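Heads up, the thing below is written out as structure tokens.
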Amino acid sequence: MIEGQKEPAAGMRPGASLWADGVGRLSVRALQFLIVFAAVAVIAWLVSSQLIVSLPIVIATILTCALQPALNWLRARRFGRVGSTVTAFAGALLALLAAFFLIGLAIYHQAGELAEKAIEGVTRLQEWLGRFGILLNAERLEQVERTLGGETGNLGERALAGFATAGEIGAGLVLTLVLLFFFLLDGDRMWAFARGFIPTRHRERAHLAAAEGSRVLGRYVRGTTIIALFAAVVDTAVMLIMHAPLAIPLGALIFFGAFVPILGALVTGMLAALVTLVTLGPVPSLVLVIVVIIVNQIEHHILQPKVMGDTLGLHGVVILIALAIGAHTGGIAGAVVAVPLAAFGWAVAKALIDARGGLYAEDIADPPASGATPASGATPAADG
């Protein structure tokens, strides 16, 4: 043996020491990360390429989690499996139809005027900022005006696109409702069937993680609905007090926009301020901007902690990244479901980590070296 060369440890395979040092372990972790990232990328590509199927599945799952407490309450009152499912489904359907009908009717009858006032508001804002030497990008403004005015393409192209979009939305809505009914009826049986494919020693942890993810999704939807209702009611009340026209459809837009965290209510509130700028002038518009900002701060610092608690558990940067990915993948619908999915994923991962004793449970479980004694108070983690 060459002088100075260390003999390999007993039982160590040739070349094993290559992966035993710090660089080797880091390389293994990097390879694992790349494999996981590739798997996530493939799943994201499959989901984005089949949005007409994947979005209804996701939305139906989120709504099922939101309705689970009501379903459990009904079953505890001996409504039976079918009776409780029909009651919960019918109640949710009636609530959704009433909300969409009333709000959609208000928006539909005033959509043309709303778009016209929004375009005038953008123009007025450009003129007002120009007085202070702040010039906005003309091409961007023209694109916004064309989008708000619906002037892209000829009439035939717009009609065909409208029919195609309406058909896709209708098919997706029907599929969502069908999936929602069966998830409410047989969701527990479906999960029991899926658990059969999980190794026995991991089933309990998987069940705990799924239960935590379901709790987070349900609480997120219920909390977001309360927050969206608060923002819409306050902003609409302020517009009605100022006798602003289009207050009801603008309040409806704020309600729907609030389902996109951080940015949704703020953006739709600024749109309402633009319309108010045209109809009432700069002072009422500025008042509405201040109210929108105050409401946004109340939501984030008071309502959200009270209503949701630690449901999200996500940093604002993570939420913005999730929103960007969701919007790029599925448009507005993708932006709406991106954050609850991210919260669900984090809740599941955190539950699995906690169930195994933490990130470094395998290090704690390693037997101490020969002659060493465990640290005071240290206990080995359970074998997972």
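Quick check: pseudo-label points 7 Å beyond the Cα along Cα→Cβ at ARG78 and GLU204, how many nm apart are they?
About 3.4 nm separates the two model spin labels.
Taking square-rooted eigenvalues a ≥ b ≥ c of the alpha carbon gyration tensor, is the stretch 240-279 rounded, prolate or oblate, where a/c under 1.5 means rounded and, failing that, a/b exceeding b/c means prolate?
Prolate is the answer for the stretch 240-279, as a/c is 1.5 or above and a/b outweighs b/c.
Assuming R0 = 22 Å, can you tell me the calculated FRET efficiency for the pair ILE332 and VAL42, based on Cβ-Cβ distance, to the nearest 0.05?
Computed FRET efficiency for ILE332 and VAL42 comes out at 0.35.
For the charge dipole of the stretch 178-252, defined by +1 on Lys and Arg C-beta atoms and -1 on Asp and Glu C-beta atoms about the Cα centroid, which residue among LEU184, VAL238, PHE197 has the Cα displaced farthest towards the positive pole?
Sorting the options by dipole projection puts first PHE197.
Given a cut-off of under 8 Å on Cα pairs at least six residues apart, what relative contact order in percent is computed for the stretch 174-262?
23
Return one whole number: the accessible area per residue of the stretch 44-103 in Å², for a 1.4 Å probe.
Ligands and nucleic acids excluded, the result is 60 Å² per residue.
Points 7 angstrom from Cα along the Cβ direction at PHE101 and LEU31: gap in nanometres?
Simple spin-label model gives 6.1 nm for this pair.
Gain in length, ALA349 to ALA20, computed as 0.36 nm per residue apart minus the alpha-carbon separation, to one decimal in nm?
Contour length minus Cα-Cα distance gives 115.7 nm.
Measuring with a 1.4 Å probe in the full set of protein chains, what accessible area per residue, in whole Å², belongs to the stretch 252-312?
With the other protein chains kept in place, the stretch 252-312 gives 43 Å² per residue.
³J(HN,Hα) across the stretch 178-191 via Karplus (A = 6.51, B = -1.76, C = 1.60, θ = phi - 60°), whole Hz, x for Gly/Pro?
Rounded to whole hertz, the list is 4, 5, 4, 4, 6, 5, 5, 6, 10, x, 5, 5, 4, 5.
The values are calculated or read from the model by the stated rules, or taken from the named source; none is laboratory data. This structure is a prediction, so every number in the text was calculated from the model and none was measured. As a convention, Cβ positions derive from the backbone with ideal geometry for all residues, glycine included, and neighbour counts pool all protein chains shown. Remember, those area values only see protein heavy atoms, side chains included, never the ligands or the DNA or RNA. Shrake-Rupley method; radii C 1.70, N 1.55, O 1.52, S 1.80 Å.
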